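The values are calculated or read from the model by the stated rules, or taken from the named source; none is laboratory data. Everything numeric in this text was worked out from a predicted model, so none of it was measured. For neighbour counting, all protein chains shown are included, and Cβ atoms are generated from backbone atoms with ideal geometry for every residue, glycine included. Calculation scope for accessible area: heavy atoms of the full protein, side chains included, ligands and nucleic acids excluded. Shrake-Rupley method; radii C 1.70, N 1.55, O 1.52, S 1.80 Å.
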Amino acid sequence: MAREMGKGVAVVVGGSVAGLACAHAVAEVGWKAVVLEKAAAPAAGSGGTGAGLGLGAQSMETLARWIPGWGLDAATLPLAVDLNRATDSETKAARTLTRDEGFNFRAAHWGDLHRRLHEALPAAVTVLWGHQFLSFEVSDDDDDDNRGVVATTRVLGTGETVEVAGDLLVAADGCASSIRRHFLPDLKLRYSGYFAWRGVFDFTGKESSDIVTGIRRAYPELGSCLYFDLAYKTHAVLYELPGNRLNWLWYINGPEPELTGSSVTIKVSEAMLARMREEAERVWAPELARLIGETAEPFVNVIYDADPVPRLSWAGGRVALVGDAAHPTTPHGLRSTNMSLLDARALGACLASTPGVSSSRQRALADYEAARMPVVAAQVLHARRLGRLKQGLPVDGDEEAAGFDVRRVATAEEVSQLRQRGMPYFGGAPTSGAG
Ligand SMILES: Cc1cc2nc3c(=O)[nH]c(=O)nc-3n(C[C@H](O)[C@H](O)[C@H](O)COP(=O)(O)OP(=O)(O)OC[C@H]3O[C@@H](n4cnc5c(N)ncnc54)[C@H](O)[C@@H]3O)c2cc1C
């Protein structure tokens, strides 16, 4: 006998933002969720893992449904203004290129968001920490004895192997997703042409120090503004996070760095740090160079994305791709976390709107794909273009079409392309296939 849709179980692989968001979304429509995460425990919160991210209005509204009090407390700071400026590396003078006061994002710390998503999970969700997903099997049967999906996972603490059954497998296992690779073995991550130095400067207890008063003088709208500083063929990002922190990134063009394992971050040597600090002084205004130079443990993040995948739903509606597993993206449109949250919301909405048996699950997954494919494909490609533009690299695959050049006076059309609001679906994306 086929089960009602409302009694489905989602096996979610990956317990980061996309995975926990999907658990909330499916639980909201009456499903159960089992989340398999290889990390041994939830992130330590704002003091520990992760750095900054920007959340759009639709994400804020979505999170407020799942996390009581989200957005009403000190978890986020406004990013009301999207400001692009040009720095002349000779004189260190900065000039405004374009300023958008209707940006309406919020800045949050990844650790805070992750901890709160986790703490607010309803009883219908079980998170199995320290469980490494190994493989899955699907079958067409859809009866009480056979849920249709079986995931095999290794318990990292004991080495034992455990099977978890469900009706739907949700791949939220990040940009190097093994589940995506199963269906799309030839889809490779694509090096952007640049890497980023990044760091979070904690100024707790140093609010009146020279470095903090200096940076606030040079960047007077910290606390409400997303600063993009463009210099010749490079750009930096700066914004404030809750809890006395300044989040910065600095993108540098160059050949693809060598990575070890599946991580896209690099452990840096003292020599690399020294060279980076020297270069920061050459390129940026002294206040930013000092902030970069005095940040503890900055690290290198190599920037990748992937061409849009042909489908988000696989195996006859048994497997859904979400988050970075579905659409690895460059960070320039602040999309990664926002896309993850909205994937989850759309998946939940589609499961809710097609109650019933297995053919309805297929229909729900087709709706999910119809809602999200056009959005995520357009956003990934736009973020790719925006990054190349701001890095002064050729755009649109046309070697003649050079990116933005801060050394010359740009037209209004050229500067308008630097704005965040050029992102497709900037004002919001449909949350189900029906719109
Ligand atoms: C620890 C951490 C810190 C981050 N900090 C930031 C930040 O500061 N700013 C920012 O913009 N983005 C950050 N991100 C990335 C951000 O979460 C994503 O870009 C975005 O939100 C999409 O999330 P995701 O859940 O799809 O992917 P990810 O966040 O990459 O999560 C994928 C998850 O799947 C798990 N996983 C992968 N393979 C397996 C497996 N075989 N078995 C079990 N689990 C598996 C991983 O451990 C990970 O938790 C961070 C990610 C992580 C994991």
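Quick look at the values:
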quantity	calculated
Peptides 178-188, 112-122 ordered by average Cβ neighbours within 10 Å, highest first	112-122, 178-188
Extension gain, Glu281 back to Asp186 (0.36 nm per residue minus Cα-Cα distance, nm)	30.0 nm
Beta bridges by DSSP in the chain, antiparallel share as percent, to the nearest 5	75 percent
Listed peptides 134-140, 97-103, 409-415 by packing density, highest first (mean Cβ within 10 Å)	97-103, 134-140, 409-415
Euclidean distance of C-alpha centroids, the stretch 391-415 and the stretch 234-273, integer Å	24 Å
Portion, in percent, of the accessible area of the chain that falls on carbon or sulfur, probe 1.4 Å	51 percent
Span per principal axis, largest first, for the Cα atoms of the chain (Å)	75, 46, 42
Area of Lys7 that stays accessible when all protein chains are in place (1.4 Å probe, Å², to 10)	130 Å²
Largest-first ordering by accessible area, 1.4 Å probe, given options Thr76, Thr431, Thr96	Thr96, Thr431, Thr76
Proximal aspartates and glutamates to Lys92, defined as alpha-carbon separation beneath 17 angstrom and excluding residues fewer than eight positions away on the same chain	Asp229, Glu278, Glu279, Glu281, Glu287, Asp405
29 Å Cα-Cα reach of Lys7 towards lysines, excluding residues that sit fewer than 8 places from it in its own chain	Lys32, Lys38
Tilt relative to the chain, helix 110-119 - C-alpha long axis, 0 to 90 degrees, to 10	30 degrees
With eigenvalues of the C-alpha gyration tensor scaled by 5 and rooted, the stretch 129-246, Å	47, 20, 14
